[in-house]
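The values are calculated or read from the model by the stated rules, or taken from the named source; none is laboratory data. Note that the structure is a prediction, hence the values are computed from the model and not measured. Here the Cβ positions follow ideal geometry from the backbone for every residue, glycine too, while neighbour counts run over all protein chains shown.
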Amino acid sequence: MKTIQRMRTLVMSIALSVLFLLGMNQPAWAADAAAGAKVFNANCAACHAGGGNAINPAKTLKKDALVANGKDTVEAIVIQVTNGKGAMPSFKGRLNEDQIQSVALYVLDKAEKGW
């Protein structure tokens, strides 16, 4: 009987810890996306205003284009921004890792909302 109670207590503690940690991460993502808006406006908006692409209209930042081009994750966008590709320059050295992560979160957030 004590073993069952201990297991219930352990499971409940783990569940509450997970919920607490998930709740703690929400504001951090919002802050990163907000910081990403500033980075985007200063570095990306010239070519990607409103989620478009002034250089290659087929490769916008709209959700369907991100999915079609395999750029629909934070990791994929971080790689793209860091290394550049095609006409897009690398921002490695111009932006730090936090700025790149923030702009990736911002792009995904805006894509989800339809720009």
(request) Give the residues of region 56-75 that are of a type in the set (Val, Ile, Thr) and assigned to a helix (DSSP H, G or I), sorted by residue number. (result) Val67, Val74
(message) Suppose the filter is at pLDDT 95 or above, in a helix (DSSP H, G or I), out of contact with any Lys or Arg (no Cβ under 9 Å at 6 or more places or on another chain) and of a type in the set (A, V, I, L, M, F, W, C); does Leu105 pass it?
(response) yes
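Considering only residues of region 76-89 that are assigned to a helix (DSSP H, G or I) and without any contact (Cβ under 8 Å) to a residue 12 or more places away in the chain, which is nearest to Ala45 (Cα to Cα)? Full working, then the answer.
Just the residues of region 76-89 that are assigned to a helix (DSSP H, G or I), to begin with: 76-83.
When the remaining residues are screened for being without any contact (Cβ under 8 Å) to a residue 12 or more places away in the chain, the result is 76, 79-80, 83.
Working: Ala76: 19, Ile79: 18, Gln80: 16, Asn83: 18 Å.
This residue is Gln80.
Is it the case, given these coordinates, that Ile100 is among the β-branched types (Val, Ile, Thr), in contact (Cβ under 8 Å) with a residue 12 or more places away in the chain, out of contact with any Lys or Arg (no Cβ under 7 Å at 6 or more places or on another chain) and part of a loop (DSSP other than H, G, I, E, B)? Steps first, please.
Numbers: among the β-branched types (Val, Ile, Thr): yes; in contact (Cβ under 8 Å) with a residue 12 or more places away in the chain: yes; out of contact with any Lys or Arg (no Cβ under 7 Å at 6 or more places or on another chain): yes; part of a loop (DSSP other than H, G, I, E, B): no.
No.
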(request) Provide a single number: the residues in region 99-115 that are hydroxyl-bearing (Ser, Thr, Tyr) and either closer than 13 Å to Gly51 by Cα or surrounded by fewer than 23 Cβ atoms within 10 Å (Cβ to Cβ) (or both). (result) 1
(request) Just name the residue that is surrounded by the fewest Cβ atoms within 10 Å (Cβ to Cβ) out of those in region 64-85 that are more than 17 Å from Asp32 (Cβ to Cβ) and touching a Leu at 6+ places or on another chain (Cβ under 9 Å). (result) Asp72
